[in-house]
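This report concerns only the one structure given below.
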Amino acid sequence: MAVQRKTSQRAALLKAFELAGRPLSPQEALDLAGRHAKGLGIATVYRNLKALADRAVLKVVSLPGQSTARYEMCGKAHHHHFHCRLCHQVYEADGCPGNIEPLVPKGFVLEDHEIVLYGLCAACKPPSPRRRR
Ligand SMILES: [Zn+2]
Ligand SMILES: [Zn+2]
């Protein structure tokens, strides 16, 4: 019984990540997965997210200035993130501008990079003012 429940909670969490298609904080994961997994609590979510990250099913997305880490599914193509300043949801930004070698200080070796875009998501963006003629 306990094992069954553990499995279904984990499955509900993974389903939440699949459906969201964007990085989720533990609270967001709980909100989405909680509908499908009875009795799911934030402590269980934290534990499961960590376990899934340890198994390289999920990976941690840490953003500058954010104390709450987000998680996303492993194995996605190289991409970056968009952080909405209003709702604090994090979205995937497809692709990469590439060619950032020119930014690297002379004599340094570039190993990796992160690019975070900031702004307002489509849901938070104020409606554009109507043009009057
Ligand atoms: Zn937003
Ligand atoms: Zn990139």
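The residue list Gln66, Ala122, Gly107 was ranked by how far each Cα lies along the charge dipole of the chain toward its positive end, using unit charges on Cβ atoms, and Ala122 comes out on top. The residues of the chain expose, per residue, 71 Å² of accessible area to a 1.4 Å probe.
Just checking the listed ones, Phe82, Phe108, Phe17: in the Gaussian network model of the chain with Cα springs under 10 Å, the one fluctuating most is Phe108. Summarising the strand pairing of the chain, around 70 percent of its internal DSSP beta bridges are antiparallel. Expressed as a whole percent, the accessible area of the stretch 2-119 that falls on carbon and sulfur atoms is 55 (1.4 Å probe).
Compared with the alpha-carbon gap, the fully stretched path from Arg85 to Leu120 is longer by 12.0 nm at 0.36 nm per residue. For the chain, modelled as a GNM whose springs connect Cα atoms under 10 angstrom apart, the maximal fluctuation among Val109, Val57, Val90 occurs at Val109. Applying 1/(1 + (r/R0)^6) with R0 = 25 Å to the Cβ-Cβ distance of Arg35 and Ala56 gives a FRET efficiency near 0.40. Classify the stretch 2-119 from the C-alpha gyration tensor, please: rounded if a/c falls under 1.5, else prolate or oblate depending on whether a/b exceeds b/c. Prolate. Helix-only arithmetic for the chain: the sum of -39500 (n - 2.57) across DSSP H runs with n ≥ 4, divided by the residue total, places the mean residue ellipticity at 222 nm at -9500 deg cm²/dmol. Using Cβ point charges alone (K and R +1, D and E -1), the dipole size of the chain about the Cα centre works out to roughly 800 debye. Which entries of Lys59/Lys125; Lys38/Lys76; Lys15/Lys50 show an alpha-carbon separation above 18 angstrom in the structure shown? Cα-Cα > 18 Å for Lys59/Lys125; Lys38/Lys76; rest within.
The values are calculated or read from the model by the stated rules, or taken from the named source; none is laboratory data. All values derive from a computational prediction rather than experimental measurement. Neighbour counts run over all protein chains shown; Cβ positions are idealised from the backbone, glycine included. Note: areas computed on protein heavy atoms with side chains; ligands, DNA, RNA excluded. Shrake-Rupley method; radii C 1.70, N 1.55, O 1.52, S 1.80 Å.
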